[in-house]
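Worksheet: one structure, shown below.
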Amino acid sequence: MSNKLNHSMSLANPDVTGISTKQKLALAIGFSGLLLLILSLLNTNFPNKGIFLTIALVLILTGTVLYANHAYLTKLEGIKNDGVWFKSISSRGVLGWITGVLLTVFYIILYFKAELLGMGTNGASNTGLVGLFDPLSILLSGRPASQWFVYGTLYTIAILGFGYKFILKYRHNRYQQIRTVSVMFFQLGFAFLIPEFMARLNTSPEYNLPYYDLKSMWPLNYYLFDGYSINGLLSSGNLGLGLLIFGIVTIFIISPILTYKFGKRWYCSWVCGCGGLAETAGDSFRQLSSKKVSAWKLERWLIHTVLVFSVIMTIAVIYSYLGSDPTKYWLTRSTFLISISVFLTVIFGLVMLFKRKELGKDAKYGAIGYFVILALILGMHFTGTTTEIFFVKSGSLRSAYGLYIGSIFSGVIGTGFYPILGNRAWCRFGCPMAAILGFQQRLFSKFRITTNGGQCISCGNCSTYCEMGIDVRAYAQKGENIVRSSCVGCGICSAVCPRGVLKLENDGLDGRINANEILLGNDVDLMDYVNKN
């Protein structure tokens with residue numbers, strides 16, 4: 001073994017050092033590629049955009065790989081603190097805030113001022129950063145780049161580069177390696193390359209596919225049931241009809257089955273692009289997730305409010321798409337509203353009948369949510385017109401959701417605030433898909449994280465590195481299974497535990513929620529107890 005290998009296994013990392021010469025060189029290489037992208041923003045006239053774009057992306061990936069190699073291959077396998085609380089960027093220091101501000105500004109420009117990135121308007125050619133990506137976009141889809149293509153490319157590069165870094169960091173844990181390869185595969189293939197290839201189909205007159213989101217899974221794909229999306233799919237022959245059916249089947253059959261067997265991790269930690277970026281590029285910020293009770297209460301109210309908004313918005317959009325004449329529509333507006341009401345009532349009734357005990361006091365809030373949605377559906381029947389719901393255009397509800405939830409919350413805040421709020425702010429506080437999968441996971445899934453309280457030394461690593469803000473240590477100390485709606489099954493709590501206390505398991509539903517109320521030392525004033533006896 002090389003003499004340069006750091007043999008320290010200390011969790012506290014007593015020999016905190018600065019960045020080595022090799023790491024500085026790697027950063028210089030990576031920032032050289034980033035500099036080329038910045039120069040393109042300034043409308044630098046590159047003689048061959050394809051070559052310079054390739055050079056920029058290769059330099060960024062090379063710098064990331066070299067940095068990761070020297071950061072982790074010079075150490076023994078196993079998780080250490082790695083000085084995360086001593087680094088400005090990962091402890092809400094000056095570099096962290098600067099990074100957060102720059103990311104937020106980039107997202108704001110991307111969503112609302114794309115022309116500043118060089119996006120051509122009114123038929124004009126692309127310039128600047130967007131123009132630099134034209135050769136790659138034309139190669140893949142046969143059309144000039146858009147700001148979303150630029151975003152998708154950089155997003156994919158980030159997941160691939162930082163995914164490699166993640167694999168090296170957690171190379172002692174096979175689960176983490178497989179999980180990371182999975183999100184890298186789905187991002188590169190299903191989220192980036194295949195949609196670009198499918199865009200070529202739209203050059204044929206028989207295709208008008210909304211190709212950019214193949215999973216077609218509501219509510220994450222909140223535009224699946226928009227009029228233009230439905231019309232585009234139905235007008236694209238068997239392929240379009242197949243994609244529409246696949247989306248509906250995924251919502252009501254595939255997703256519940258996978259969540260029952262594996263928990264919400266099958267999507268949130270293995271497939272989802274948002275989760276993929278959070279787990280790779282956002283790994284350095286996972287410890288910043290708030291563990292306060294107030295944050296947990298805010299999380300529960302906020303994410304379910306977004307879900308209710310998503311449900312009502314989607315029902316309103318479908319309602320306005322349908323007609324009222326039963327001779328023209330096999331599914332009329334009235335039939336649709338009745339069907340939705342019956343479906344929600346059946347779900348609510350079954351949960352209250354068989355799972356009320358597991359819900360506990362949350363059953364009251366679930367009942368409130370159910371009656372609110374039912375009242376709003378009833379209100380649609382009396383206030384709905386051809387284009388309006390509650391005297392508001394259904395398109396306006398859809399636009400408001402897309403702007404405030406789909407853009408500002410999930411994009412600007414969810415990713416731009418990594419160095420401030422942690423890497424899963426969107427997944428934790430806003431994602432309606434996470435809310436639905438969390439509901440299924442809590443009540444109907446075989447997944448749980450088991451704990452061996454007798455082995456716990458209360459080091460706190462599990463709670464510190466839980467990106468969803470769960471106080472894992474509190475469960476471990478009591479030997480209680482962790483069955484939380486918010487848990488995405490990333491398994492990092494298990495990976496960083498020095499005693500093997502935590503284990504991700506799938507088993508029967510009986511005994512899965514095993515609240516184990518025991519007296520802990522910090523629950524009572526021991527001296528007061530001794531004096532009384």
| request: Tell me which residues come under 5 Å, amide H to amide H, from L220 once H is placed; ignore anything under 5 positions away on its chain. | output: M433
| With point charges of +1 on the Cβ of Lys and Arg and -1 on the Cβ of Asp and Glu, referenced to the Cα centre of the chain, which listed residue (I436, N461, F192) lies farthest in the positive direction of the dipole? | N461
| request: Quick one: compute the contact order of the chain, relative version, from alpha carbon pairs under 8 angstrom and 6+ residues apart, as a percent. | output: 15 percent
| field | Per-residue ³J(HN,Hα) for the range 107-122, Karplus 6.51 cos²θ - 1.76 cosθ + 1.60, θ = phi - 60°, Hz, x for Gly and Pro | value | 5, 4, 5, 4, 7, 10, 9, 4, 4, 6, 8, x, 5, x, 10, 6
| request: Summarise the long-distance tail of P(r) for the range 166-215 by giving the % of C-alpha pairs beyond 12 Å. | output: 66 percent
| field | Calculated FRET efficiency for the pair D507/T345, C-beta based, R₀ 35 Å, to 0.05 | value | 0.65
| request: Please state the charge dipole magnitude for the range 446-523, taken about the Cα centre, from unit charges on C-beta atoms (+1 on K and R, -1 on D and E), reported in debye and rounded to the nearest 20. | output: 160 debye
| Hey, which of these cross-link pairs are over 23 Å Cα-Cα: K24/K169; K364/K478; K22/K80; K446/K478? | K364/K478
| query | What do you get for Rg/Rh over the range 95-194 if you use C-alpha atoms and the Kirkwood form of Rh? | reply | 1.07
| Can you give the charge dipole size of the chain about its Cα centre, rounded to the nearest 20 debye, using +1 on the beta carbon of Lys and Arg and -1 on the beta carbon of Asp and Glu? | 820 debye
| Within the set K113/K297; K261/K357; K165/K361, which residue pairs have Cα atoms separated by over 32 Å? | K113/K297; K165/K361
| message | Starting from the 7 Å offset along Cα-to-Cβ, what nm value, one decimal, do you get for the label separation of N48 and K261? | response | 4.9 nm
| request: Would you pull out the residues with amide H under 5 Å of Y207's amide H, same chain only if 5 or more places away, H placed 1.01 Å from N? | output: none
| task | Using all C-alpha to C-alpha distances in the range 61-148, build P(r) with 10 Å bins and read off the rounded percent in each one. | result | 14, 25, 27, 21, 11, 1
| note | Counting all Cα-Cα pairs in the range 293-433, those more than 28 Å apart amount in percent to 31 percent
| task | Counting only GluC sites (Glu not before Pro) that are in a DSSP loop and have at most 14 other C-beta atoms within 10 Å, tell me the longest site-free stretch of the chain. | result | 207-516
| field | Residue (of I373, Y404, G63) at the positive-pole extreme of the chain, dipole from beta-carbon charges | value | G63
| field | Estimated translational D of the chain in µm²/s (Stokes, Kirkwood radius over Cα pairs; 37 °C; 0.692 mPa s) | value | 129 µm²/s
| Using modelled amide H (1.01 Å from N, peptide plane; none on Pro or chain starts), what sits under 5 Å from the amide H of R143, excluding residues fewer than 5 places away? | I138
| said: By the 4.7 Å beta carbon criterion, which cysteine residues of the chain come out unpaired? | reply: C268, C272, C274, C427, C431, C456, C459, C466, C487, C490, C497
| Those residues of the range 433-464 whose amide nitrogen sits under 17 Å from the label point placed on S91, 7 Å along Cα→Cβ | 461, 464
| query | Each residue of the range 439-449 in order: what ³J(HN,Hα) in whole Hz does its phi give by Karplus 6.51 cos²θ - 1.76 cosθ + 1.60, θ = phi - 60°, with x for Gly and Pro? | reply | 4, 5, 5, 5, 9, 10, 9, 7, 7, 7, 10
| said: I want to verify the translational diffusion coefficient of the range 446-523 in µm²/s; compute it with Stokes-Einstein, Rh as the Kirkwood radius over Cα pairs, at 20 °C and 1.002 mPa s. | reply: 171 µm²/s
| field | Gain in span if fully extended, E115 to F31, counting 0.36 nm per residue against the direct Cα distance | value | 27.8 nm
| How far is it, in nm, from the label point at V249 to the one at S334 when both lie 7 Å from their Cα along the line to the Cβ? | 3.4 nm
| note | Projecting the Cα atoms of V317, L241, T180 onto the charge dipole of the chain, where Lys and Arg contribute +1 and Asp and Glu -1 at Cβ, the residue farthest towards the positive end is T180
| field | Cα gyration tensor shape for the range 172-330, rounded if a/c is under 1.5, else prolate or oblate | value | oblate
| Counting only DSSP beta bridges with both residues in the chain, what percent are antiparallel, rounded to the nearest 5? | 90 percent
| the range 293-433: relative contact order in percent, alpha carbon pairs under 8 Å with at least 6 residues between | 37 percent
| field | R0 of 51 Å, Cβ-Cβ distance W148-Q455: FRET efficiency to nearest 0.05 | value | 0.60
| note | Per DSSP, the loop-located trypsin sites (Lys or Arg not before Pro) within the range 20-113 having at most 13 other beta carbons within 10 Å are K113
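Laboratory data are not the source of any read-out in this text; all were calculated from the coordinates shown. This structure is a prediction, so every number in the text was calculated from the model and none was measured. Heads up, the Cβs are rebuilt from the backbone with ideal geometry, glycines too, and the neighbour counts pull from every protein chain shown.
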